[in-house]
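Contents: one structure, followed by commentary.
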Amino acid sequence: MSTELHKTAHGLPVHDDVTFEPRDINPGQIVRYLLYLAVAVALSFFICWFVYKATTKMALDSDTPLMPVWQTLTPEQRQQAVMPPEPRLQGIMGHDNDPQEDLRLKVRADREANERLGWVDEKQGIAQIPVEDAMKIIAEKGLGGAPVAAAPQGASKSQ
């Protein structure tokens, strides 16, 4: 770009310190570029709109309609019917229990069952005793004639 003053058809340039020559910029070329850009944007929009409409129609055509019974249900009833029966996986929608609390309750129930003392069937002489007491009795008296599982092959007898 030239900074020299040039004479124009109208006289002197508007700005004394900055001038340009007509060959520096071509307004027609810029206008053509903007028109091409506008056409490309409009064409892209229509292509995207066509693809959107076609895929939406394809999805609706391939979707199976609701059974007549389901159309009569409320959304809440549909949600209940969709949920699998208990026990459900923890942490999924519709399962309000805290998984950690469930684990604590399960461990507590197992511990209480292992420490319970009482009759299972009094007529046949079957009793339930705490696990620690049963381990002490077996350590002192042995299994008392109950069948013992054979040691696996290759296992050493270190007693």
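Could you go through region 41-57 in sequence order and give the Karplus-derived ³J(HN,Hα) for each residue, using 6.51 cos²θ - 1.76 cosθ + 1.60 with θ = phi - 60°, rounded to whole Hz, and x for Gly and Pro?
Ordered by residue, 3J(HN,Hα) equals 5, 5, 5, 4, 4, 5, 5, 5, 5, 5, 4, 4, 4, 5, 6, 5, 5 Hz.
Figure the gain on full extension for Leu89 and Ile25 (residue separation times 0.36 nm, minus the Cα-Cα span) and round it to one decimal in nm.
Contour length minus the Cα-Cα distance gives 16.1 nm.
Could you check the simple spin-label distance between Tyr36 and Asn114, using points 7 Å along Cα→Cβ, in nm with one decimal?
Going from the Tyr36 label point to the Asn114 one covers 8.0 nm.
Contour minus end-to-end for Lys136 and Asn97, with contour as 0.36 nm per residue of separation and end-to-end as the Cα-Cα distance?
Working it through step by step, the gained length comes to 10.2 nm.
Could you list which residues have their amide H under 5 Å from that of Gln128, counting only those 5 or more apart in sequence or on another chain, with H placed in the peptide plane?
Gly118, Trp119, Val120
Mind pulling the per residue volume of the convex hull built on the Cα atoms of region 101-142? Å³ is fine.
For region 101-142, the hull spanned by Cα atoms encloses 75 Å³ per residue.
Taking +1 at the Cβ of each Lys and Arg and -1 at the Cβ of each Asp and Glu, which of Gln124, Ser62, Val107 sits farthest along the dipole of region 50-132 towards its positive end, judged by Cα position relative to the Cα centre?
Checking the options against the dipole of region 50-132, the answer is Ser62.
Note down the nm distance, to one decimal, between modelled labels 7 Å out along Cα→Cβ at Gln79 and at Tyr52.
In this crude label model, Gln79 to Tyr52 measures out at 3.0 nm.
How far apart, in nm, are two points set 7 Å out from the Cα along the Cα-to-Cβ line at Thr72 and at Asp121?
4.9
No value in this document is a laboratory result; all are computed from the given coordinates. None of these values were measured; they are calculated from a predicted model. Please note: Cβ atoms are built from the backbone with ideal geometry, for glycine as well, and neighbour counts cover all protein chains shown.
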